[in-house]
Every structure is written in structure tokens, then in C-alpha cells.
Amino acid sequence: MLKDSFYPPQRTLMGPGPSDIHPRVLQALSRPTIGHLDPCFIGMMDEVKQLLKYAFVTENEVTLAVSAPGSAGMEACFVNLIEPGEKVIVCINGVFGQRMAENVIRCGGQLINVEDEWCQPVSLEKLQATLEQHPDTTAVACVHAETSTGVKSDIEAICQIAKQHDCLTIVDTVTSLGGIPLYVDRWDIDAVYSGSQKCLSCVPGLSPVSFSSNAVDKIKSRKTKVQSWFLDQTLVMEYWGNKAARTYHHTAPVNALYALHEALLMLKKEGLEQAWQRHAMMHNRLYQGLTDLGIKFLVDEQHRLPQLNLIAIPEGIDDVAFRNHLLRHYNLEVGAAIGGLAGKAWRIGLMGYAAKAENVALCLKAFEETLNMMRQ
Ligand SMILES: *Cc1c(COP(=O)(O)O)cnc(C)c1O
């Protein structure tokens with residue numbers, strides 16, 4: 001029997017995303033839909049662009065939200081910047097680096113992997129050595145905040161090395177944008193993509209991206225057409241770029257963009273640095289509390305992401321039973337680990353609106369009570 005509607009439970013989302021959404025953002029989402037070529041809507045899209053430039057700390061003209069989730073932002077960067085036969089280095093230290101590598105293969109690129117252990121950041125020495133071995137490399141790709149492990153890599157240093165070898169840089173900032181310091185222009189990032197549902201605390205389904213003028217030149221001077229019509233930035237740029245002459249490309253997800261606009265306004269109001277500080281503060285609280293309960297963090301302090309905490313499952317505790325108990329009794333979602341870490345660790349997210357004292361307190365109380373109950 002079908003019910004008359006779907007009413008989701010009220011959860012607290014402390015997994016790897018989506019994260020909790022502020023009521024203001026949900027309210028914005030439910031406002032009346034207007035035409036995507038309505039002058040009012042075009043004005044709002046322009047503000048989204050300004051606000052994304054603020055969040056990415058960039059002056060890049062080509063800064064917009066791809067009308068699809070973070071994975072589509074990833075594809076948008078690769079299909080536009082990589083032509084068949086080009087050599088691309090991908091730094092892999094977790095699941096999302098592996099996906100970048102898969103993208104290079106599908107673009108017909110010549111893939112060179114620089115692999116590091118899971119739970120470790122990208123090794124600058126290995127990247128340097130690999131670039132010296134392959135001087136004809138055209139691009140270097142890496143993940144800023146590897147959500148599969150909770151590890152932060154040194155993007156500024158990685159891009160500096162890549163630039164010394166005349167490479168374009170492609171960076172995944174899906175989990176980092178709004179959560180930890182990220183400076184697209186200052187760090188020389190040519191193509192960057194993110195997601196709406198992590199530290200921006202917006203609904204899933206949009207992917208902010210930004211392309212430097214180097215990246216735009218590369219796209220414009222391609223010898224081959226971008227193999228994806230939908231993600232071809234030369235076409236999308238016209239849709240997002242020229243306010244006066246905007247023509248139909250695809251129908252923008254109008255209401256989702258209201259939500260992103262609202263989430264970004266809230267980020268601007270709080271201040272980017274303040275948001276970064278809040279994530280760090282909430283992480284410290286969580287770290288203190290979980291450590292007091294005897295729980296171990298699996299990533300070294302200097303590489304740890306405040307917004308994604310990888311912790312070891314305590315001995316004798318059943319992974320699935322524990323997480324199910326949190327969901328059923330506390331309406332609290334924490335993340336399972338994936339890949340080689342599955343069954344051995346949990347991932348606790350403190351992303352965006354979810355990075356607040358009440359959530360940390362709820363999580364600590366739920367962990368303490370559930371561990372005590374399961375150990376009896
Ligand atoms: C979540 C995530 C993605 C994919 O984003 P979707 O919106 O799920 O497609 C890509 N990279 C990283 C680092 C992520 O955390």
C-alpha cells in the first residue's frame with residue numbers, strides 16, 4: 001500500500017555526507033519555481049557565481065555550479081581538460097583518487113599513478129620523482145580532503161611542484177570547500193570541483209566548479225571535441241557566463257540553486273575563516289570526548305581533517321549493530337568505512353551546519369551509552 005506522502009525521519013547527519021541542512025536552506029528550496037531564463041533567476045545565478053568565487057577564494061571568471069552531484073564536477077574537469085593520448089598523473093591515497101584515475105582512462109589519457117598508503121597524505125617526493133621521470137606530463141590531479149580516510153594533502157605544495165613542470169592542476173575539494181582553508185588562486189589550482197552536500201550543508205545534487213584562465217585557454221584550444229555534450233564547458237560557459245545573452249543549454253535545477261544561494265549567503269555571513277575555525281573547534285571537542293572513551297583516531301594529527309574523523313571500531317563491538325543502534329535510538333547517522341577499511345573503522349563527519357556543539361554532545365553521549373550497553 002502506498003502512503004499518501006513520504007515523511008523522512010529527523011536525523012542528525014554525521015557521516016561522510018550529506019550533512020545536516022539549516023532550516024533556512026530548506027525553506028529557500030521550497031519557494032516557488034520560476035523560469036530558468038527569468039531575469040530574476042538569472043540575477044540570482046549571478047549572485048551564486050559571486051558567492052562561489054568568495055568560497056573558493058578565486059577571481060576566476062568561469063566559476064559555476066554544475067547541475068549534478070560532485071561526481072559530475074569531477075567528470076567536468078577531466079573531460080574538458082584531458083585530450084586522448086595526454087599523460088596525466090593522478091595521486092591516489094583513497095577511493096576518490098581511484099575515481100580520478102578511472103576518469104583519465106575513460107578520457108583516453110595516459111594514466112600515471114602516484115600511489116600512497118590509505119590514511120597517509122600524497123607524498124610530495126614521489127610526485128616530484130614521477131614528474132622527473134615523465135617530463136611530458138600535461139596535468140596533475142589530486143584530492144584535497146580524501147573522504148574515504150579523513151586525510152588532508154598539501155595542495156599548495158603539490159600544485160607548486162606541478163607548476164614547476166608546466167602541468168595543469170586538477171583538485172577535488174568536495175569535502176574541503178567551506179571546512180578547511182582552501183585558496184584556489186593563491187595555490188595555483190587550474191580546475192577545481194566540489195559538492196553542495198558536504199561542508200556547504202546544502203541539498204545534494206550540485207557541484208561547484210571553477211576554471212583558471214589557463215584551464216579555459218586549454219579548453220578553447222582543444223583539437224578534439226569534449227566527448228560529453230552535457231559537461232562541455234564551452235557550452236555551459238555561455239549559459240552561466242553572459243548574463244545579457246543567456247540562451248537555453250539545459251534547465252537549471254532552479255530550486256536546488258535557491259538552496260545553494262542561501263547556503264552560500266550563510267557562509268559569507270559567518271565568514272570563511274570563521275567557518276574553518278568552527279570546524280577545527282568542533283573537531284577538537286569530538287577528539288577530546290572520544291579519546292576519553294578510549295577510542296583511537298587512525299590518521300596522524302598533522303594530516304587529520306576536522307570535518308571527517310576516521311576512528312577505529314573498538315575491539316569486540318559489531319560495526320553494523322552499533323551504527324544501527326545509533327540510528328534507531330538517537331536518530332544519529334555516522335559513516336561506515338569503505339574499501340580496505342570497511343568493518344575496521346567508522347567515519348564521523350562534522351560538516352557545515354552539522355559542525356556544532358549540540359551534535360558533538362549527542363554523538364559523545366550516544367557513543368558512551370551504546371558502548372556501555374554493548375559491553376555488558
Ligand atoms: C562525496 C565526494 C565525491 C562525490 O560527490 P557526489 O556528490 O557523491 O557525487 C567526490 N570526491 C570526494 C572527496 C567526496 O567526498
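Laid out as a table, the results:
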{"quantity": "Flag if S123 is surrounded by fewer than 20 Cβ atoms within 10 Å (Cβ to Cβ) and within 16 Å of the ligand (Cβ to nearest atom)", "calculated": "no"}
{"quantity": "Condition met for I348 (under 20 Å from V95 (Cα atoms), touching a residue at least 60 places away in the same chain (Cβ under 8 Å) and in contact with a Cys (Cβ under 8 Å, 6 or more places away or on another chain))", "calculated": "yes"}
{"quantity": "Any hit, the stretch 99-107, residues being outside any strand (DSSP E or B) and in contact (Cβ under 8 Å) with a residue 40 or more places away in the chain", "calculated": "yes"}
{"quantity": "Number of the exception - L260 against (1) part of a helix (DSSP H, G or I); (2) open to solvent by 30 Å² or more (accessible area, probe 1.4 Å)", "calculated": "(2)"}
{"quantity": "All positions within the stretch 60-118 that are among the small types (G, A, S), closer than 19 Å to T138 by Cα and buried (at least 17 other Cβ atoms within 10 Å of the Cβ)", "calculated": "A76, G97, A101, G109"}
{"quantity": "Selected residue (only one of P181, P204 is open to solvent by 20 Å² or more (accessible area, probe 1.4 Å), in a loop (DSSP other than H, G, I, E, B), touching a residue at least 40 places away in the same chain (Cβ under 8 Å) and within 12 Å of the ligand (Cβ to nearest atom))", "calculated": "P204"}
{"quantity": "E146 being at pLDDT 95 or above, acidic (D, E) and over 13 Å from the mean Cα position of the chain (by Cα)", "calculated": "no"}
{"quantity": "Tally, over the stretch 207-238, of residues that are in a loop (DSSP other than H, G, I, E, B) and within 16 Å of the ligand (Cβ to nearest atom)", "calculated": "3"}
{"quantity": "Residue satisfying all of: in the stretch 189-201; assigned to a loop (DSSP other than H, G, I, E, B) and not aliphatic (A, V, I, L, M); nearest to the ligand (Cβ to nearest atom) among these", "calculated": "G195"}
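The values are calculated or read from the model by the stated rules, or taken from the named source; none is laboratory data. Note that this is a predicted model, so its numbers are computed, not measured. Positions of Cβ are generated from backbone atoms using ideal geometry, with glycine treated the same way; all protein chains shown enter the neighbour counts. For accessibility, only protein heavy atoms count, side chains too; no ligands or nucleic acids. Shrake-Rupley method; radii C 1.70, N 1.55, O 1.52, S 1.80 Å.
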